[in-house]
Amino acid sequence: MTRTGMRMIKKGFSFQGPAEGVHALNSWITPEDDLFLVTHMGFLNIDPNHWHLDVDGLVGNPTRLRLSDLQAMPQREYMSFHECAGSPLAPTVAKRRIGNVVWKGVPLSLVLEHAKISNDASYIWTSGLEWGEYAGLQEPYQKDLPIEKALSQEVLLALEINDQPLTPERGGPVRLVVPGWYGTNSVKWVGSITASNRRASGAYTTRFYNDLTPSGTRPVWSVAPESVIVSPSPHDTLLADVPTKIWGWAWGDREISSVEVSVDGGNSWQGATLGPREDRSWHRFQLPWIPASGQHRLLCRCTNEIGEGQPLSDARNAVHSVEIQVSN
Ligand SMILES: Nc1nc2c(c(=O)[nH]1)N[C@H]1C(S)=C(S)[C@@H](COP(=O)(O)O)O[C@H]1N2
Ligand SMILES: [Mo]
């Protein structure tokens, strides 16, 4: 199938990211080249002149917006970590696909107000324009947001990332971004917005991206506390008795209040120094370390403002560890 001004440039599920994994994430703002890319059905290339966005459902003024319409609306910038929840087929495997970027675009709330959203709307559905197959299914990449999040000031129809227009692979010309929530919610190549009074019923909101809980399922929405050690990396050669530092990033939808580091495989923990966050960015942490010679397993774990932490294993936000060799 083809549609005017659109073609799939790579078909099927795809993940790209830096070969060194989290150890590549050396800067506060992640450059595009080090920021992971994910797609379920392939990358879509859209001619910006053909792109448009339909807003319908429980609205008083169903609307079609072109790129020039969005460009003429007020825009804002918002800094946020950007994290993939990992495979929906293996939701308890930690993948640590993460970065920190600045998005710029039109607040979704402005577009919903323009379309005169009804008081009866309790969910906002958004769909990507691409087509293809994932896990044997052929259906649109459709996601939903509860209305409170959809109307929050940080949710954007983004046109730019780190001061550059979105590339086709990044979901351009326009994508949704839902800061604080897992990447799966940030619909790329967005083409339609529907206001509804119930959750969307497609595979990407029901079969995939719902975690099992003791009482049922929970949508993969808000990002749980998580942290990674950037340095040292397993490839570094450290010298015994030479002062160094262990540092990394910690993040979550809620602000992180403490990070602890272990240099002995998790037997003992020390509090790290924790930096602030901006908007919903990650926080930097660090701990000075004078290593003894031998093999060390370094770990980090964080806690957020309401006391939620990280499991040691079997979770997408499981504790990160790094094996380090220290020589004489
Ligand atoms: N239309 C569409 N949007 C999508 C996806 C997709 O497959 N199709 N994948 C989602 C997932 S799982 C993630 S993690 C992010 C990845 O965004 P990025 O490639 O810009 O890092 O896009 C999300 N938005
Ligand atoms: Mo993802």
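Results, tabulated for the structure shown:
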quantity: Label zone at H50, where the point sits 7 Å out along the Cα-to-Cβ direction: the stretch 189-223 residues whose backbone N lies under 17 Å; calculated: 189-192
quantity: Length added when fully stretched, T237-R7, from 0.36 nm per residue minus Cα-Cα; calculated: 78.1 nm
quantity: Mean Cα-pair separation over length for the stretch 153-264, i.e. relative contact order, pairs under 8 Å, 6 or more apart, %; calculated: 18 percent
quantity: Gain on full stretching of the segment that runs from D279 to R199 - 0.36 nm per residue minus C-alpha separation; calculated: 26.0 nm
quantity: Length gained when the stretch N162-E113 is fully extended (0.36 nm per residue, less Cα-Cα span); calculated: 14.9 nm
quantity: Relative contact order, percent, the stretch 226-327 [alpha-carbon distance under 8 Å, six or more residues apart]; calculated: 37 percent
quantity: Sum of -39500 (n - 2.57) over DSSP H runs of 4+, divided by residues of the chain (222 nm, nearest 500); calculated: -1000 deg cm²/dmol
quantity: Pairwise FRET efficiency - R66 versus Q16, Cβ, R0 = 30 Å, nearest 0.05; calculated: 0.50
quantity: Long-range tail of P(r) for the chain (Cα pairs > 39 Å, %); calculated: 17 percent
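None of the figures in this text is laboratory data; all of them are computed from the coordinates on show. These figures come from a predicted structure and were not determined experimentally. Quick reminder, even Gly has a Cβ in these numbers, built from the backbone with ideal geometry, and neighbours come from all protein chains shown.
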